[in-house]
Amino acid sequence: MRDGLRQALRSPLLRWMSVGSILFSLLFFSLYLPFSRAAVERYPGPDDLAGFLGLFVGLSTAVTLLLSLLVMNRLLSRLGVPTVMMILPVLYLLAFGVLTLASTFAIVLAFRFAQVVWLQGGATSTWEAVINTVPGDRRDRMRAFLYGVPTQVGTVLAGIVTVVGERAVSPRVLFGIGLAAAAGAAYSMARVRRAYASELVVALREGRPHVFGGAPGAGEPFGLARADRAAVEVAVGAMSDRDAGVRRVAAELLGD
């Protein structure tokens, strides 16, 4: 954890990913907890509640599968990983913006459904793609830090806000807090978006073509390059780099 913190402090990309981890965890539970409460109020009987949640999980899983198979590669090839990452904070901005005005069961249900589908079908894969810009020998350590520290801090904050807020303020104020957190998450992802391309350039200069996961010889080098527009643009731009070594790595990537 100490090594992960030191690495995060040295890297602009990882610093803003750490901030994003806190805010996204806070936002997740800030929507999950009101949904759970609303579902219990709507379906007080255990059998009815179990039936509703089973249907909810089944439908969201089916839509997630379709999103993963039919939509994500097209989005990544057209927009690129860092732009697709912006969808999640924008979704939270829209959700909490609407909920501050009206928080009916149908509205909470619709945004919770969108949250589950996008987290499982899109956001997680783009998040992992960005983490994979970290050199392989430090990648798991960084991943453990992000999930073990900032994410848990966000979870604690969500619990504190919910417990204190329910006793002291109206639900509208809680959703307003969520809206402010969503704005902060959008800003942090905008900074990640800016730093992502720089990290890809660093990977090329260091001769790390396997920046998207696989160890050498274990799979396709730069495996997401076919799908990630941002990665393609960096590789094409590197073909005119002053450094012959960078040009050589870029040519190999594009050739593959």
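The values are calculated or read from the model by the stated rules, or taken from the named source; none is laboratory data. This is a predicted model, so every value here is computed, not measured. Counting neighbours? That spans all protein chains shown, and the Cβs are built from the backbone with ideal geometry, glycine included. Quick note on the areas: whole protein, heavy atoms, side chains included, nothing else; ligands and nucleic acids left out. Shrake-Rupley method; radii C 1.70, N 1.55, O 1.52, S 1.80 Å.
Out of (1) modelled with pLDDT of 80 or more; (2) open to solvent by 60 Å² or more (accessible area, probe 1.4 Å), what's the single condition that is false for A185?
For A185, the failing item is (2).
Evaluate the following for V116: is it of a type in the set (V, I, T), modelled with pLDDT of 90 or more and surrounded by 17 or more Cβ atoms within 10 Å (Cβ to Cβ)?
In short, yes.
Of all residues in the stretch 71-82, how many are part of a helix (DSSP H, G or I) and open to solvent by less than 40 Å² (accessible area, probe 1.4 Å)?
Residues meeting the conditions: 4.
In the stretch 160-191, what residues are touching a Phe, Trp or Tyr at 6+ places or on another chain (Cβ under 7 Å) and of a type in the set (G, A, S)?
Scanning the stretch 160-191 gives G178, A182, A185, S188.
Might you check whether a residue that is open to solvent by less than 20 Å² (accessible area, probe 1.4 Å), assigned to a helix (DSSP H, G or I), closer than 30 Å to Y43 by Cα and of a type outside the set (D, E, K, R) occurs anywhere in the stretch 96-103?
Yes, that holds for at least one residue.
Quick one: would you say R37 is open to solvent by 70 Å² or more (accessible area, probe 1.4 Å), without any contact (Cβ under 8 Å) to a residue 60 or more places away in the chain and within 22 Å of F175 (Cβ to Cβ)?
Taking the combined requirement at face value, the residue satisfies it.
Name the single residue, out of those in the stretch 3-32 being in contact with a Lys or Arg (Cβ under 9 Å, 6 or more places away or on another chain) and aromatic (F, W, Y), that is nearest to T100 (Cα to Cα).
Ranking the candidates gives Y32 first.
If G154 satisfies all but one of (1) within 26 Å of G4 (Cβ to Cβ); (2) of a type outside the set (A, V, I, L, M); (3) at pLDDT below 85, what's the number of the condition it fails?
(3)
Residue check, L67 against (1) touching a Gly at 6+ places or on another chain (Cβ under 6 Å); (2) open to solvent by 70 Å² or more (accessible area, probe 1.4 Å); (3) of a type in the set (A, V, I, L, M), all met but one. Which one?
That leaves (2) as the condition not met.
Looking only at the stretch 1-48, how many residues end up being over 30 Å from A197 (Cβ atoms) and assigned to a helix (DSSP H, G or I)?
17
Applying the selection to the stretch 129-165, what residues are touching a residue at least 24 places away in the same chain (Cβ under 8 Å), surrounded by 16 or more Cβ atoms within 10 Å (Cβ to Cβ) and either touching a Gly at 6+ places or on another chain (Cβ under 6 Å) or among the basic types (K, R) (or both)?
Selection gives N132, M142, F145.
What are the pairs with Cβ atoms under 7 angstrom where one residue, in the stretch 231-256, is under 16 Å from E206 (Cβ atoms) and the other, located anywhere, is of a type in the set (A, V, I, L, M) and part of a loop (DSSP other than H, G, I, E, B)? Sequence gap at least six, or different chains.
Note: pairs meeting the criteria are R247/M239; A250/M239.
Considering Y147, Y196, which residue is of a type in the set (S, T, Y) and within 27 Å of R248 (Cα to Cα)?
Matching residue, one of Y147, Y196: Y196.
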